[in-house]
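J.: Here's a structure for you.
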Amino acid sequence: MPLRKKGFLLQNTEPGQVEWAAGVFFLLFFGVLLCSLLQVDLFRSSSQYLEDALALSNLASAVIDVEEYGISHKVKVADPRQAYERYKSAVQGNLNLDDSWECPREAIISGPVQVVKYILYHVSGSQVEIFYFDENGLMTSWREVLGSCVAPDGNQIEATGVYSEISYQVEGLLGICTKAHKGKLVDIVGQGEIQEGEEEGDEGKEPEASRTGPDSIEEEATESSMGTDLEQKGDGV
């Protein structure tokens with residue numbers, strides 16, 4: 001039985017139909033791209049806002065022991081538990097959170113904020129004393145060697161400081177909420193430690209006031225002779 005080939009006729013498209021479809025596709029692509037760029041810019045600004053708030057909260061929690069600083073010139077937080085409570089109060093105030101720890105500005109934070117970890121580092125000599133508070137507020141402490149102690153964000157601990165991390169919900173495209181984390185490490189350096197470091201760095205250097213060689217004597221003599229000549233010329237005039 002002979003087979004017959006079936007032919008299919010292409011339907012004629014109306015003029016401008018292809019251009020109209022391409023234009024719709026371009027508008028949809030441009031709209032999605034614009035929404036993505038706006039969302040990325042919002043995430044960037046909220047990340048910077050949260051980073052500044054965490055830095056201020058870390059500094060607010062670190063109230064140093066004045067007596068210890070006056071004796072040894074070492075920066076040390078007096079009570080880690082009180083520092084943790086001060087930190088939570090500072091975070092709540094800096095982020096403008098309510099009693100449920102939710103932010104009224106849902107464009108930045110779309111859900112309740114939770115303190116994931118709060119770590120206090122005390123550097124004394126070659127030792128680092130660490131006070132770690134978890135998300136439930138339970139504290140554990142241990143010691144590590146200076147130079148091998150690293151914060152959760154990857155920065156090496158070199159001075160007494162505070163690291164904190166929070167978690168929060170961020171609303172993205174199509175109303176989808178994503179859980180995000182933000183951490184910040186702040187070093188606390190005392191003025192006494194800075195002055196001691198400057199004095200150690202200046203040892204072995206000759207004071208500028210003691211450098212009085214022949215060149216400096218000749219320069220002084222030249223300046224004095226120039227001054228005398230100017231006075232004589234002034235008298236002549």
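The values are calculated or read from the model by the stated rules, or taken from the named source; none is laboratory data. Note that the structure is predicted; figures quoted are calculated from it, not measured. All Cβ positions, even for glycine, are placed from backbone atoms using ideal geometry, and neighbour counts span all protein chains on display. SASA here: full protein model, heavy atoms, side chains in, ligands and nucleic acids out. Shrake-Rupley method; radii C 1.70, N 1.55, O 1.52, S 1.80 Å.
J.: Using a 7 Å offset from the Cα along the Cα-to-Cβ direction at both D98 and S45, what is the distance between the two label points in nm, to one decimal?
T.: According to this spin-label approximation, the distance is 2.3 nm.
J.: Could you check how much of the accessible area of the stretch 49-181 is carbon and sulfur, as a whole percent, using a 1.4 Å probe? Walk me through the numbers before you get to the answer.
T.: Values: 3410 of 6930 Å².
Summing carbon and sulfur atoms, their accessible area is 49 percent of the total for the stretch 49-181.
J.: Using a simple charge model, +1 on the beta-carbon of Lys and Arg, -1 on the beta-carbon of Asp and Glu, nothing else, what dipole does the stretch 32-188 show about its Cα centre, in debye to the nearest 20? Spell out each step's value before the answer.
T.: On the way: 12 positive and 21 negative charges, 32 e Å.
Approximately 160 debye in magnitude.
J.: Also, quick follow-up: Along the stretch 79-87, what does the Karplus equation 6.51 cos²θ - 1.76 cosθ + 1.60 (θ = phi - 60°) give for ³J(HN,Hα), rounded to whole Hz, x for Gly and Pro?
T.: Once θ is set to phi - 60°, the couplings for the stretch 79-87 become 10, x, 5, 5, 5, 5, 5, 5, 5 Hz.
J.: Picking from V75, Q92, P112, whose Cα lies most toward the positive end of the charge dipole for the stretch 63-149 (charges on Cβ: Lys, Arg +1; Asp, Glu -1)?
T.: V75
J.: Separate question: Report, by chain and number, residues whose modeled amide H sits under 5 Å from the one on S124, excluding near sequence neighbours (fewer than 5 apart, same chain).
T.: Here E129 satisfy the definition.
J.: Further question on the same structure: Modelling each spin label as a point 7 Å along the Cα-to-Cβ direction, I'd like the L146/L34 distance in nm, to one decimal.
T.: Taking the two extended label points, one gets 5.7 nm.
J.: Here is a further query. Mind putting a number on the dipole of the stretch 74-154 about its Cα centre? Charges go on the C-beta only, +1 for Lys and Arg and -1 for Asp and Glu, and I need it in Debye to the nearest 20. Write down the numbers at each step before the final one.
T.: On the way: 8 positive and 11 negative charges, 84 e Å.
Result for the stretch 74-154 is approximately 400 debye, rounded to the nearest 20.
J.: Can you sort Y132, Y168 by 1.4 Å-probe accessible area, starting with the largest?
T.: Values: Y132 60, Y168 15 Å².
Solvent-accessible surface, decreasing: Y132, Y168.
J.: Tell me which residues come under 5 Å, amide H to amide H, from G111 once H is placed; ignore anything under 5 positions away on its chain.
T.: Correct list: C103, Q169.
J.: Leaving ligands, DNA and RNA out of it, rank W142, W101, W20 by accessible area with a 1.4 Å probe, largest first.
T.: Working: W142 100, W101 55, W20 175 Å².
So the residues, ranked largest to smallest area, are W20, W142, W101.
J.: What are the extents of the Cα atoms of the stretch 89-157 along their three principal axes, listed from largest to smallest and rounded to whole Å?
T.: Projected onto the principal axes, the Cα atoms of the stretch 89-157 cover 45, 22, 15 Å.
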